[in-house]
Amino acid sequence: MKKVYERIISIIFVGFISITLLFSLLFNWHTMLESLYENKDKILNVRLSSEYVKDVIDSIDSAYTEGVFFRKQYIDIYGGLQKMSGKSIIWDSNPNNTIMIGSDGKLYSSGNITMNFADYYSNKDILNKYAEAVSDLSMFTTQNDVDLLFFQAPARYDADEISLPIKISDTSKDNVDYLYSQLKDNTDLTVLNSQILYKEQDIDFADLFFKTDHHWNIKTAFWAYSEICKALNNYYDYKIPELYFNIDNYINYVIPSSYLGSLGVRTGGLFAGRDDFDLIYPKFETDYVKTICKVDNLDISRGGGIQYKGKFEEVILSDVNKLKSKKSEIIFGSYVSSDRSEVIIENRKSATDKKVLILKDSFALPVSAFLSTCFAETRLLDLRYQHEKSVKEYILDYAPDAVLIIYNPGAYSDTFFNFDKKN
Amino acid sequence: MVFSSSIFLFAFLPIVFLFYFVIFRKKRKPQNIFLFIVSIVFYAWGEPIFVLLMLATIVVNWFCAIRINKTACGKNKLWLTLGIVYNVGILFVFKYLLFVLDNLNLIFNTNLLIKGFSLPIGISFFTFQAMSYLIDVYRGKDLVQRNLLYVGLYISFFPQLIAGPIVRYETVADQINNRTESYELFSEGTARFIFGLSKKVILANSLAIIADTAFGGTTLACSMAWLGAIAYALQIFFDFSGYSDMAIGLGKMFGFKFNENFNYPYTARSISEFWRRWHISMGTWFRDYVYFPLGGSRVKKPRMILNLFIVWLLTGLWHGANWTFIVWGLYYFCFIVIEKLIGKKLNSVPKVFGVLYTLILVLFGWVLFRSDNIAAAFTYFKAMFSFGSGGWDITLIYIKENAVILVFGVLACMPIVTWCGRVIKNEYLKLSLKIIVLIILAAVSVVYVVKGTYNPFIYFNF
């Protein structure tokens, strides 16, 4: 018996670690390569220093960790174990990534709420600076006969509505209202504050966001889209037919318990469950050409420079059939694309012949997808990435009919509000 | 590279096994050369530059040992001195120089500056191993190793390289060439490694969150201060003993038998007993290479007290260049002296009181040890005794969130496995249970490792 025991223990241990190595290399090599590619700047910047060697080693280390076979399943089990042991907080090696379950059953992160821009929070001088930047852009667009609309996505954490196991310092809700008041009082700009709008329309705050993701859900994004259409019609007389922003003219295919958002992937699906994901696409006929521009090398590696042609549900929501059959992984960027420096969407069957430029963060992706049904051309610029022109130069060259700024409060940073700088 | 990482578990280790047990099977010399090379890679993974210092240390100590042994009539004290000066020298430069300069600047109001060195991982461990080798050779134990690679393997062998135990050359001298690998040893090693890994990733890392919160806080309630101190006491035990278990386990897999480093220290009935159970390899090192040469206890009382003072001052300093470590070492000096003076009267105290007395003193010791500076330690002590300061709501959250870990942590400080072994007489049942427990612990540990949880290693800094 003792000999059997000895062999069992040895064989299981060696077999398990060897098979994991083999399967990780066989099946997840692409994940490792992608991870290495994300650190390519560090790796290719060859220099004679210990920091460089450490950077390379760290990159290999994290690439291998990312590529460990069954990694997602392990993380799921981790979340399940934490739940079993009665935990409502999942701590992380990076304190900003600590995740907890709120009283509303949704996941919250100490870091996600402040989005790495914690220094900017509660600082009215900085918010005033952003208000001035938008005001300056507003004057510029007015001079150039371009309409400008600022749509503010709501803060996900509302201390009046949600209690968390540990207190966090998050003033994003107040910041939204403060920036809104500054823009409203000091500019002629059309500003839509979703925090006011959803209350006016008696929309339940609990329904706005995903449980496992820091983003709003797709239904809320559609609601935001319809509010923007209404505002463009009311304030700028765009004449977008109502059928384009009436949800009854869209198919809503719900994939239940299928989506694990940015917070959920850190806790695993067994901790707080998964979200339902809405595949919303037009019943009416569509015909698109989508181009992901190759502004930087990262874009090229992720399909930049390639044109995609087809219907909304083939190109803009890519690709509905694969998503339904779970052949493609559902991500928030299933709408349009994941965040890229520049995306150009041409719509050959649009509601209007107008051209629109959207200054976006990730929240804007599904909204932009729906907006693209209305306009002959929709361009998305993400100021976090490399651009050859400043926003103002881009506007002068492109001459859009309208510029839409769609930001969530996590985007309150210099990067998103510098409209004069080339990256 | 750390043991509790995916790249170690699922890349480094299986590749090492493949070469060691398959490709170089039963070829001792290639196996040893291979182990030396992978040990250097293991160290370079975390310290790509300081690996050169490690290699230099190997060469210097190999050379010095040969010179020490060379003289026909007696050993060569000069080369012993040179070797020790080298080892203490690099330890001083990398670990203590900045601390000394800072204090000189403070005392003499000067501005002596030096570019800060980062601390090479595990420097205190490998320099102490190297010194024990030189001293043992000098003392006439016929141990000198002429093969540079074998000296290199002894100093840099990856299981015990960066956080001990401090292996004495005499322990492994014969094993380098004449060890025997077997299923029995391998499975013992595997079991030990899994226990160590689970101590580290399941218990120590979870407890670290409470401890770091408490010790990192600006304002601290009494309850949270006590919880933080208890959590740190458990964390440091599971962190360090877990690493030692992994090291001993890995050693066994390759046929090496290292000495034990921990023996349920939190069940000790006195401070003296605690130190016979805690970090045994360091305690015996100081005993054999410092305390005994100074005369040990076989001298007059004042001299014995001086000897103890020196040993505990060095013990404190060994842990780091900070006044907190020095005071921590001297704190233990005081209690060890008191216990020596009281003598065996302490044994007449009921066991439970002895254990409580030891635990409380050790707990205060850990507060000193964990604090960033003396002032912070006193602030922490103040918080521990600011009864009625409230803050229970936060403390209860941490207790509730970590209740399972705290319970298992307390249980794992006691020799539960030994007790179970005594209760369960049936060998089949015993082995079956052991397999089940090991599989569960391994599975949960792997989940924690792959998830990449909070993963600080305390003893890497020493």
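Rank by packing, highest mean first: peptides A:329-342, A:385-398, with packing defined as the count of other Cβ atoms within 10 Å averaged across residues.
Ranked by mean Cβ neighbours within 10 Å, highest first: A:329-342, A:385-398.
Expected output is a single nm value to one decimal: the length gained when fully extending between B:R276 and B:W392, i.e. 0.36 nm times separation in residues minus the C-alpha distance. What is it?
Extra length available between B:R276 and B:W392 comes to 38.1 nm.
Hey, what's the stretch A:2-69 come to in accessible area per residue, 1.4 Å probe, Å²?
Computed with neighbouring chains in place, this is 61 Å² per residue.
Pop the C-beta distance of B:L433 and B:N263 into the FRET formula with R0 = 25 Å and round what comes out to the nearest 0.05.
According to the calculation, E is roughly 0.60.
With a cut-off of at most 13 other beta carbons within 10 Å, and DSSP calling the residue loop, which chymotrypsin sites (Phe, Trp or Tyr not before Pro) in the stretch A:221-252 qualify? Please list them.
For chymotrypsin sites (Phe, Trp or Tyr not before Pro) across the stretch A:221-252 that sit outside H, G, I, E and B with at most 13 neighbouring Cβ atoms in 10 Å, the list is empty.
Just flag the trypsin sites (Lys or Arg not before Pro) in the stretch A:34-111 sitting in loop per DSSP whose Cβ has no more than 12 other Cβ atoms within 10 Å.
Those that pass, being in a loop and sparsely packed, are A:R47.
Given the alpha-carbon gyration tensor of the protein assembly as shown, what are the semi-axes of its equivalent ellipsoid in whole angstrom, ordered largest first, with each equal to the square root of 5 times an eigenvalue?
So the three semi-axes of the protein assembly as shown are 59, 30, 28 Å.
Using the structure shown, select from A:K167/A:K219; A:K309/A:K349; A:K239/A:K354; A:K219/A:K309; A:K106/A:K173 the pairs with a Cα to Cα distance greater than 19 angstrom.
A:K167/A:K219; A:K219/A:K309, as the Cα separations exceed 19 Å there.
Where does each of B:151-158, A:168-175 land if you order them by average Cβ count within 10 Å, highest first?
Those peptides, ordered most packed to least, come out B:151-158, A:168-175.
Quick one: of the DSSP bridges fully inside chain A, what percent are antiparallel, nearest 5?
In chain A, DSSP labels about 60 percent of beta bridges as antiparallel.
Report, please, the projected area of the stretch A:211-331 averaged over directions, based on the convex hull of its C-alpha atoms, in nm².
Mean shadow area of the hull around the Cα atoms is 9.4 nm².
D for chain B, whole µm²/s, Stokes-Einstein with Kirkwood Rh over alpha-carbon pairs at 4 °C and 1.567 mPa s: what number?
55
Taking each residue in B:7-20, count the Cβ atoms of any other chain within 10 Å of its Cβ, then average. What number comes out?
The mean count of partner-chain Cβ atoms within 10 Å per residue comes to 5.
Hey, what did the stretch B:1-118 get for relative contact order, percent, Cα under 8 Å, at least 6 apart?
Reported as a whole number, the value is 12 percent.
Could you please state how large a percent of the accessible area of the stretch B:6-179 is carbon and sulfur, counting protein chains only and using a 1.4 Å probe?
For the stretch B:6-179, the apolar C and S fraction of the accessible surface comes to 69 percent.
Quote the FRET efficiency, to the nearest 0.05, computed for A:I11 versus B:A403 with a Förster distance R0 of 30 Å and r equal to the Cβ-Cβ distance.
0.25
Angle, helix A:172-186 long axis vs. longest principal axis of chain A, Cα atoms, 0 to 90°, nearest 10?
Helix A:172-186 and the main axis of chain A meet at about 20 degrees.
Calculate the FRET efficiency for B:E184 and A:Y37 from the Cβ-Cβ distance with a Förster distance of 56 Å, rounded to the nearest 0.05.
It comes out at approximately 0.75.
Just to be sure I follow the rule: in the stretch B:6-179, considering lysines 8 or more places apart or on different chains, how many pairs have Cα atoms under 17 Å apart?
Lysine pairs meeting both conditions in the stretch B:6-179 amount to 4.
When the Debye formula is applied to the Cα atoms of chain A, each taken as the same point scatterer, what base-10 log of I(q)/I(0) results at q = 0.07, 0.08, 0.09, 0.13 Å⁻¹?
Each listed q maps to, in turn, -0.37, -0.49, -0.62, -1.28.
Taking every DSSP beta bridge with both residues inside the protein assembly as shown, roughly what % is antiparallel (nearest 5)?
DSSP beta bridges in the protein assembly as shown are roughly 60 percent antiparallel.
Roll a 1.4 Å probe over the protein chains and send me the accessible area per residue for the stretch A:267-423 in Å².
36
Could you bin all the Cα-Cα distances of the stretch A:292-423 into 10 Å bins starting at 0 and give me the percent of pairs in each, rounded to whole numbers?
Spelled out bin by bin, the stretch A:292-423 gives 12, 43, 36, 8, 0 percent.
Which is farthest toward the positive dipole end of the protein assembly as shown among A:H30, A:L107, B:F42, measuring Cα position about the Cα centre, with Cβ charges +1 (Lys, Arg) and -1 (Asp, Glu)?
B:F42
Okay, helix-only estimate at 222 nm for the protein assembly as shown: each DSSP H run of n ≥ 4 adds -39500 (n - 2.57), divide by all residues, round to 500 deg cm²/dmol; what do you get?
Here the helix-only value at 222 nm equals -17000 deg cm²/dmol.
How far apart, in nm, are two points set 7 Å out from the Cα along the Cα-to-Cβ line at A:H30 and at A:D319?
So the two model labels end up 1.3 nm from each other.
Can you tell me the dipole magnitude for the protein assembly as shown around its Cα centre, using point charges on the Cβ only (Lys, Arg +1; Asp, Glu -1), in Debye to the nearest 20?
Value, rounded to 20: 6240 debye.
The values are calculated or read from the model by the stated rules, or taken from the named source; none is laboratory data. Fair warning: this is a prediction, and the values are worked out from it, not measured in the lab. Here Cβ is always computed from backbone atoms with ideal geometry, including for glycine, and neighbour counts include all displayed protein chains. Side chains included, ligands, DNA and RNA excluded: accessible areas come from the protein's heavy atoms. Shrake-Rupley method; radii C 1.70, N 1.55, O 1.52, S 1.80 Å.
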